[in-house]
1. Please give the helix 304-316 orientation as an angle from the longest Cα principal axis of the chain, in degrees from 0 to 90, rounded to the nearest 10.
2. Relative contact order for region 280-363 using alpha-carbon pairs under 8 Å, separation at least 6, rounded to a whole percent?
3. If you find the alpha carbon centre of region 244-263 and of region 195-242, how far apart are they in angstrom?
4. When a footprinting reagent is the concern and you count Cβ atoms within 10 Å, what order do 261, 421, 152 take, fewest first?
5. Highest first, please rank the peptides 225-235, 359-369 by the mean number of other Cβ atoms sitting within 10 Å of their residues.
6. Within the chain, which cysteines find no other Cys whose Cβ is under 4.7 angstrom from their own?
7. Taking +1 at the Cβ of each Lys and Arg and -1 at the Cβ of each Asp and Glu, which of 396, 243, 270 sits farthest along the dipole of region 143-440 towards its positive end, judged by Cα position relative to the Cα centre?
8. Ranking 322, 188, 425 by Cβ neighbours within 10 Å, fewest first, what do you get?
Amino acid sequence: MADVSGTETVATRLTAQDIEREGEGGGGRNVDAVGMPLGPWKIDGFKWFSSATDSEMSVLLARTAKGGLSAFYIPMRRRLRNKGSMDDGIYRDSTPSTELNGIRIQRLKNKLGTKSLPTAEVELKGARGWLIGTEGQGVKEISAILNITRLHTAVSSAANWARGLAVCRAYSKVRKVRGGLLQDNPAHLRWMADETVKYWASTHFAFLGVALQGALEQGWDDAVRNTGASKLIPQDKAQTADLLRLLLPVMKAQVSVAAVHGLRNCMECLGGVGYCENNEAGGLMNVAKVYRDQLVNPIWEGTVSVMAEDCVRVILDKRLGHGDVLVNVFAPWVRRVIEGVSAELKPDVDIIEGKLQGLLDMVRGAAKEGLLYNGRNILESIETIMSGLVLLYDVTTSPEAVALKIARRYIHSKSPNVTTHISKHSLENAVADDKSIFLGPSSLQPVVPSKL
Ligand SMILES: Cc1cc2nc3c(=O)[nH]c(=O)nc-3n(C[C@H](O)[C@H](O)[C@H](O)COP(=O)(O)OP(=O)(O)OC[C@H]3O[C@@H](n4cnc5c(N)ncnc54)[C@H](O)[C@@H]3O)c2cc1C
């Protein structure tokens, strides 16, 4: 979300006479395109960025006479007076024609990507709408939408990245370099395995958000009980809400940025082809387009710095987590989940525990200014703890041996002790691991020649 506090869009409450006048003098403009009454508020102003201008409705913030921002629903189109006609002595309604509801699209933005989603500069002049919730509480009222859009941004970033990696896998199976396929080249496999590990870490983090949101909306019993997530998602609704409030800005920021870097690597994986607009087969293999589209995710719905600021706001919010969400909710929950992880993962658990302690030390007693200054470090720290935690949890519930390799590799990549020397024997094992991570465990099975 942009900084909306300076919005110049204004909503005015119409009187009953005003509404009647609009209906009569205004050419019968009192119902929307589906025949529902237009609301009693008139909205005037200018929106510098307005996406999905082809949608049928909009939710926006505007200032009212009472002060503060309020949320409004406005239908995009309203009916013109239905002219109807006499046909063989019978009066028939013609299909009602419509016009934009006091909205003028001044121009479309000329964007780097997301071109199939029209984003426009929009002028509002007498747009009619309905107040949502309490007047003056607009930011609070739209917080549910903000949460969903942040979650959507994180998950769609992971999805874009998944597509890029799928193209990479397909390409690596057919492209030959130095006389062999890329899928057998150790350096290539190492790189792509590392990328796949980062993708898993981000995707597990984003889908933890989906699970928390689901538990909040549907209740723990319906959404979580008897599922593999029962030891991960807290049963206490207030805890779930606090965790989601803390983690959403983190995943919005971190998964979006990670996917940008990931997709850049996917382009490079394809060499020169990756930089081209591959529009064959409906653009299925066009990683360049996915990259362009992905670039907006760290920006819209609030930049990374804005997410960091929001995260600090949550950490300092005395109404959450009995006055300290990190100490009273986040840390005990992380420790509870890692307690259930098998003993053989102790070294990995210790690294995550160390990261958690580092976060708590960084935040404890710090002034707000210091936390804001360290905002991006805080995002990164929470991301590492969360991705490590969900990957470790995945090992306990997933039968795939590759889950363990991925969890270990991710967590060790966050540890300062990185091994650089590798023996010939361990190289063979490492390449096999890389291959199973990047191309899946079945890639290690010998290919049986077909009888045909
Ligand atoms: C394609 C596209 C579609 C969009 N669609 C919509 C839409 O439908 N509806 C809508 O309302 N908006 C929409 N937006 C607007 C979008 O939400 C904002 O552009 C975005 O939130 C960034 O805000 P801004 O443009 O005001 O940038 P600014 O906030 O001016 O950012 C400029 C710089 O200031 C930094 N900054 C800002 N605040 C802080 C802070 N507190 N601390 C530290 N640094 C800070 C930013 O990180 C950035 O580096 C869209 C934007 C784009 C690009």
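A short reminder: the numbers here are calculations on the coordinates, not readings from a lab. All figures in this text were calculated on a predicted structure; none of them were measured in a lab. FYI the Cβ positions are ideal-geometry reconstructions off the backbone, even for glycines, and counts take in every protein chain you see.
1. 90 degrees
2. On the way: 20 pairs, mean separation 11.8, N = 84.
Rounded, it is 14 percent for region 280-363.
3. 16 Å
4. Details: 261 13, 421 5, 152 16.
Fewest to most other Cβ atoms nearby, the residues stand as 421, 261, 152.
5. Numbers: 225-235: 15.5, 359-369: 12.8.
Packing order, densest peptide first, comes out as 225-235, 359-369.
6. 266, 276, 311
7. It is 270, whose Cα lies furthest towards the positive end.
8. Details: 322 12, 188 20, 425 8.
Fewest-to-most ranking of 322, 188, 425: 425, 322, 188.
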